[in-house]
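Down below is the structure, laid out as structure tokens.
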Amino acid sequence: MDRSSLLQLIQEQQLDPENTGFIGADTFAGLVHSHELPLDPTKLDMLVALAQSNERGQVCYQELVDLISSKRSSSFKRAIANGQRALPRDGLLDEPGLSVYKRFVRYVAYEILPCEVDRRWYFYRHRTCPPPVFMASVTLAQIIVFLCYGARLNKWVLQTYHPEYMKSPLVYHPGHRARAWRFLTYMFMHVGLEQLGFNALLQLMIGVPLEMVHGVLRISLLYLAGVLAGSLTVSITDMRAPVVGGSGGVYALCSAHLANVVMNWAGMRCPYKLLRMVLALVCMSSEVGRAVWLRFSPPLPASGPQPSFMAHLAGAVVGVSMGLTILRSYEERLRDQCGWWVVLLAYGTFLLFAIFWNVFAYDLLGADIPPPP
């Protein structure tokens, strides 16, 4: 049912004769049953919750339209949260007879979402189309590129020490700053099998569930924002260093998810969350430590500076700011939130500063950058 059909039906039945903007929940539910309208039973449960949160047992017309069209505003979400005790369904953990795929969807709901109402909303509305193709495609492309360069260089660990590696058109190198695509395409190149394995594992274990819940547009935006912020941060803070690897995007996803878990600790139902949180922080810190070691104490002779570790930190900052805003806005319109515009303004300001820095600062400061390969 679209919005115009719903409006026409309400006007024909005179559900709001005084034009108050509110509709009785019982009246609307009776209309649904009498006309045999194809309304999801879960949405009827949500309708009851909305009515329970209102002193007069009524539902705001706009919130009713949002419910029918599967769009939820902040006020809608608050009303649902206030009336969640009235929802008749049991928790998803009690759902019997689920298929293997539906059990996986339930697992994703409990891994990602902190609120039982949101988990049920996601579980009953989840559709297999569109599938989470972004993170899977990025991971597959990174593996293919790594295999191609590994076979070409006959080197699978510490590839950056091979003299031909930095000649790749995908690597970000300070001597090739004018080739703007390199600020993004460096995410397809990796130092070695250990970095690729770490990034691919996190992208599939965390990125795919996040994409299933929040959609391809939001998660791809977050990932690419982390990648771009990583290379730009290196160009400002470590001006002589190249950058390789998708760690900026990976750390944006991971830090956003971990921050969301911490801020909603009581509501998260994922098992062993404290142990998993500690392990995730140890692994992420170890990867940063390894990058610092390779940058300042290279184990092999190298023809130039090794890739910087600042992309990891920049990705984490993007995740805690932009990513956390996205993850806390499940099924809500980002454009309606003031915090989202503040984050975009801050990120846009950083982009402008980084562009001017790359255009003018290297010459003004007389930066001693290595010759481009």
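The values are calculated or read from the model by the stated rules, or taken from the named source; none is laboratory data. Source: prediction; values computed, not measured. Glycine also receives a Cβ, built like all others from the backbone with ideal geometry; neighbour counts cover every protein chain displayed. In case anyone asks, the SASA skips ligands and DNA or RNA and just uses the protein heavy atoms, side chains included. Shrake-Rupley method; radii C 1.70, N 1.55, O 1.52, S 1.80 Å.
Quick look at the values:
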quantity	calculated
For Y172, distant residues with modelled amide H under 5 Å away	Y186, V243
Hz values of 3J(HN,Hα) by residue in region 146-159 - Karplus curve (6.51, -1.76, 1.60), Gly and Pro given as x	5, 5, 5, 6, x, 5, 5, 8, 6, 8, 10, 10, 6, 5
Net length gained if the chain between N264 and C148 were fully extended (0.36 nm per residue, minus Cα distance)	37.5 nm
From phi via Karplus (6.51, -1.76, 1.60), per-residue ³J(HN,Hα) for region 168-182 in Hz, x at Gly/Pro	5, x, 8, 6, 7, 10, x, x, 10, 5, 5, 8, 4, 4, 5
Over region 228-339: Rg over Rh, Cα atoms, Kirkwood Rh	1.07
Portion, in percent, of the accessible area of region 278-322 that falls on carbon or sulfur, probe 1.4 Å	77
Stretchable slack from W357 to Y272, in nm (0.36 nm times residue separation minus alpha-carbon distance)	26.1 nm
Residue (of M268, L334, Q159) at the positive-pole extreme of region 131-363, dipole from beta-carbon charges	Q159
Cα-based equivalent ellipsoid of region 108-195: semi-axis lengths in Å, sorted from largest, via gyration tensor	38, 15, 12
Å² of accessible area per residue within region 141-243, as computed with a 1.4 Å probe and no ligands counted	37
Distance in nm between pseudo-label sites at S297 and K167 (7 Å out along the Cβ direction from Cα)	3.3
Nonlocal amide H pairs with M189, under 5 Å, H built at 1.01 Å	G245
